[in-house]
Amino acid sequence: MTQVIRKAAELRDKVAAWKRSGMLVGVVPTMGALHDGHLSLARAARKQSDRVIVTVFVNPMQFNNASDLDKYPRDEAQDLALLEAEGVDVLFAPGVDEVYPDGFATTVSVAGITEPLEGAFRPGHFDGVATVCSKLFGMTQAGRAFFGEKDWQQLQVVQQLTRDLNMPIRIIGCPTIREEDGLAMSSRNVRLTAEEHELAPRLHSVMQEAAAKIRDGVPVEGALNDAKTELKDAGFGALDYLELRTVDGLKPATDLAEPARMLAAIWLGDVRLIDNIAV
Ligand code: PAF
């Protein structure tokens, strides 16, 4: 039975009791509208911790676009049913006032790796993510937190944050879960029309083709330019970025001298898709 908790004080008491009996607590931070990607994180947490908390909080502070926040899918009853089936112990679903009470005045800001890619296109987004993750880690007092590699830059930001602030929590990155056609699972995918949904997996296949070319020695810029043209011709909307970056520090990569990751964000209708793959 998954218990729904909305107040940080109640959660704290519960976690304190677990910890007194020597249990390791894992947390999966989410914004709800759960899909198989989230459930794979809950399963990883289940395997690697004694008790599992999944947080569901649509964090207004990380949305730089009011209509994206309004349209963000929400279905707590279904989320709860899915978490019950995974044997999750607690669904922590605080209200906005619980997370950001009157007088809340702190922003957590990570420099450097937050600047390119998502940071350049979504000003303030990573301050919102870093602030809410700091709050959620404090509220849950978990020893491990599980994040999907789908949000690769977010994962690096959270790792940097917890390292820099000596937070007593281990961040565990888990592989991106894809639909059969290769589309990375995302809560926003439910907003794609049937036609867009058919086109969306092309993003992943075009990225894979570009990665294969780069591995075969085609210059990075040329391979990425070909991929951009293919995406445009296929019918995608504006491309925010398609870039090769070093795994360590997300610096622009012009070759494979260091391990690299290809990252993309592109519009399809009014949905923004993001994806990344190892090269
Ligand atoms: O990846 C998400 O769903 C959110 O950015 C997170 C980590 C739950 C913080 O709100």
Taking Cα centroids, how far is the stretch 145-174 from the stretch 213-279 in Å?
23
Solvent-accessible area per residue for the chain at a 1.4 Å probe radius, Å²?
46
Mind checking the stretch 1-101 for trypsin sites (Lys or Arg not before Pro) that DSSP puts in a loop (not H, G, I, E or B) and that have at most 14 other Cβ atoms within 10 Å?
6, 7, 74
Calc'd 3J(HN,Hα), the stretch 225-235, phi into Karplus 6.51 cos²θ - 1.76 cosθ + 1.60 (θ = phi - 60°), Hz, glycine/Pro = x, comes to 5, 4, 5, 4, 5, 4, 5, 5, 5, 6, x
When all protein chains stay in place, what accessible area (Å², nearest 10, 1.4 Å probe) is found for residue 279?
30
Restricting the calculation to Cα positions, tell me the Rg (one decimal) and the Dmax (whole number) of the chain in Å.
19.1, 59
Working only with C-alpha atoms, what are the Rg and Dmax values of the stretch 187-279, expressed in angstrom?
13.3, 41
Have a look at 108, 157, 129 and tell me which one the Gaussian network model of the chain (Cα, springs below 10 Å) gives the largest fluctuation.
108
Quick one: how many lysine pairs does the chain have with C-alpha atoms less than 29 Å apart and a gap of 8 or more or different chains? Give me the count, please.
25
Under a 10 Å cutoff between Cα atoms, tell me which one of 214, 177, 53 has the largest fluctuation in the Gaussian network model of the chain.
214
Tell me, what % of the accessible area of the chain is carbon and sulfur with a 1.4 angstrom probe?
51
Ignoring ligands and nucleic acids, residue 258 exposes an accessible area, probe 1.4 Å, in Å² to the nearest 10, of 80
Rounded to the nearest 500, what is the chain's calculated 222 nm mean residue ellipticity when only DSSP H runs of at least 4 contribute -39500 (n - 2.57) each, over all residues?
-12000 deg cm²/dmol
If you keep only loop residues by DSSP, which chymotrypsin sites (Phe, Trp or Tyr not before Pro) in the stretch 96-157 have at most 13 other Cβ atoms within 10 Å of their Cβ?
104
Connecting every pair of Cα atoms under 10 Å apart in the chain and solving the GNM, the largest mean-square fluctuation among 260, 66, 200 falls on 66
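The values are calculated or read from the model by the stated rules, or taken from the named source; none is laboratory data. Note that the structure is a prediction, hence the values are computed from the model and not measured. Every residue, glycine as well, gets a Cβ built from its backbone with ideal geometry; the counts of neighbours run over all protein chains shown. Note: accessible area is taken over every heavy atom of the protein model, side chains too, but ligands, DNA and RNA are not part of it. Shrake-Rupley method; radii C 1.70, N 1.55, O 1.52, S 1.80 Å.
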